[in-house]
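What follows is a single structure, written as structure tokens, with notes after it.
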Amino acid sequence: MKISLKNAFVYTENGFKKDSFSIDNNKIVPFCDSEDFSVYDCDGLYIFPGFVDVHVHLREPGFSYKETVVSGTDAAVRSGYTALCTMPNLNPVPDSLENLNLQLELIKKGAKCKVVPFGSITVGEKGETLSAMEDMAEFVIGYSDDGRGVQSEAMMRTAMEKAKKLSKIISAHCEDNSLLNGGVIHDGEFARSNNIPGICSESEYGPIARDVELVREIGVSYHVCHISTKESVDIIRKAKKDGVNITCETGPHYLVLNDMQIKDEGRFKMNPPIRSEEDRIALVEGLADGTIDMIATDHAPHSAEEKSKGLLGSAMGVVGLETAFPVLYTELVKKGIITLEKLVEVMSTNPRKRFFPDDTNVDLCVYDLSQSYTVNPENFATMGRSTPFEGREVLGKCVLTVCNGEIKYDAIK
């Protein structure tokens, strides 16, 4: 495929530059407008490196009524994502090569962008027996028991030691089950005033503190999923200053919302929960100073029925691929809290460096930052409709996505 893009504001290491270039055989080449190239006039548009989301749930195999590889990756490319790392809470859980192969076959048949799965840390994500990590190593991005914290320090130590030998990342869902007490939202003012059981912050930052000491000792590549508390930010900031091999992610909803803005609706229920304004501010500061390395959506679609039972009865999880960039651009960049360059860094550059350091394919997306619209879940490509940003006015629309040098989404022509 031969593509030419002209007159765009192009992201570079030194900021944005008005430029034109072409893509030929999955390589960037000087601009060419000959008839064998598809030429796109990108005047007024912005070109970013393709976004990378290291924490998504495509729900196959096992839960195709929530999402499929086809629908999830369609949502991804329509939003500028060119690479996804998928979580292992599936049926069957990818805890062996046999189980993993079922997922890999679905990815091979249906994925519209790069999709690399996590294998589970333990068999069935039950925390009792180590998964077949070595057998899966060639085909996974790393290991996670996402959706469940590894409760045993001894088990996590064993997993870290094995992952280090295999040169793979441990991506940890940090949650201490003994502190949950049936909580469904943040243990804060909203929970108390509405008599709803809360989830304390220590259930997250306690396991992070435990794991940091293990990483300090073992030296494994360690990544913390979806941090939501100010204490988590502090622990990770200090660990980085000490040279610990640690990165972390947070989600758009934790950066934009606080627990006093939620409603008794399933679209505001996710795990970890939306925390206090104090936590939100700490997360924004952590993003700005580099403590938080990347944005991950934790895209977690459920059926309408599963999300229709309010905060107490709904399933945990919201969709995020199609709202992440416009929400963060609108709420953080346009308000002068971070730069556009910083947003690209945490949505593309940093996750790519950590999880796909050897990928040299041409992956990019083109955005019209002037497009204003209202978030309407009925327009989503994902099968999930549950988003806390429903009805929000945002800026920024993806109009073209190129993955591996090929056009995967085109709303320009």
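Observations on the structure shown:
- Per residue, region 1-90 exposes an accessible area of 40 Å² to a 1.4 Å probe, with every protein chain left in place.
- For the chain, the longest principal axis of the Cα atoms and the long axis of helix 97-110 meet at an angle of about 30 degrees.
- For the chain, DSSP calls about 50 percent of its internal beta bridges antiparallel.
- Within the accessible area of region 6-70 (1.4 Å probe), percent carbon and sulfur: 46
- Per-selection Rg to Rh, region 1-149 - Cα, Kirkwood hydrodynamic radius: 1.11
- In this simple spin-label model, placing a label point 7 Å from the Cα along the Cα-to-Cβ direction at both E378 and N91 gives a separation of 3.1 nm.
- Using heavy atoms of the protein chains and a probe of 1.4 Å, the accessible area assigned to D24 is about 50 Å².
- Cα-Cα separations in region 225-363 greater than 26 Å, expressed as whole percent: 26
- Paramagnetic reach from S152 (point 7 Å along Cα→Cβ, amide N under 17 Å) across region 112-136: 120-133
- Sorting F37, F118, F31 on solvent-accessible area from highest to lowest, probe radius 1.4 Å, gives F31, F37, F118.
- Working from Cα pairs under 8 Å separated by at least six residues, relative contact order for the chain is 18 percent.
- To the nearest 10, the accessible area of E202 is 90 Å² with a 1.4 Å probe.
- Binning the C-alpha pair distances of region 254-314 at 10 Å intervals from 0 yields a P(r) profile of 21, 45, 26, 8, 0 %, listed from the shortest bin outward.
- In this Cβ point-charge picture (+1 for Lys and Arg, -1 for Asp and Glu), region 169-291 has a dipole of about 200 debye about its Cα centre.
- Remark: the chain carries a charge dipole of roughly 320 debye about the Cα centre, counting +1 on each Lys and Arg Cβ and -1 on each Asp and Glu Cβ.
- Proximal aspartates and glutamates to K353, defined as alpha-carbon separation beneath 12 angstrom and excluding residues fewer than eight positions away on the same chain: D293, E345
- Overall Cα dimensions of region 101-233 - principal axes, largest extent first, Å: 49, 39, 26
- Gyration tensor (Cα) of region 229-271, equivalent ellipsoid semi-axes in angstrom: 29, 10, 7
- Cα-based convex hull, region 163-207, per residue volume (Å³, whole number): 77
- Cross-link pairs K18/K397; K17/K335; K6/K408; K112/K162 - those with Cα-Cα distance over 24 Å: K112/K162
- Average accessible area per residue (Å²) across region 107-192 - probe 1.4 Å, nucleic acids and ligands excluded: 45
- Among L400, L312, L130, the sequence by solvent-accessible area, most first, with a 1.4 Å probe is L312, L130, L400.
- With every protein chain in place, region 74-214: carbon and sulfur % of accessible area (1.4 Å): 45
- Average accessible area per residue (Å²) across region 275-413 - probe 1.4 Å, nucleic acids and ligands excluded: 38
- Helix-only [θ]222 nm of the chain, DSSP H runs n ≥ 4, -39500 (n - 2.57) each, per residue, nearest 500: -7500 deg cm²/dmol
- Tail beyond 15 Å, pair distance distribution of region 60-102 (Cα, percent): 47
- Sorted largest first by accessible area at a 1.4 angstrom probe radius, with every protein chain in place, the residues T330, T360, T387, T12 fall in the order T360, T12, T330, T387.
- Bins of 20 Å, starting at 0 and running to the largest distance - Cα pair percent for the chain: 28, 60, 12, 0
- Estimated dipole of region 299-354 in Debye, rounded to 20 [Cβ of Lys and Arg +1, of Asp and Glu -1, Cα centre]: 220
- Rounded accessible area of I28 (nearest 10 Å², 1.4 Å probe): 100
- Placing unit charges on each Cβ (+1 for Lys and Arg, -1 for Asp and Glu) gives the chain a dipole about its Cα centre, and among V215, T122, F268 the Cα reaching farthest toward its positive end belongs to F268.
The values are calculated or read from the model by the stated rules, or taken from the named source; none is laboratory data. Keep in mind that this is a model prediction, so the values were computed, not measured. FYI the Cβ positions are ideal-geometry reconstructions off the backbone, even for glycines, and counts take in every protein chain you see. Please note that ligands, DNA and RNA were not included when accessible areas were found on the heavy atoms of the full protein model with its side chains. Shrake-Rupley method; radii C 1.70, N 1.55, O 1.52, S 1.80 Å.
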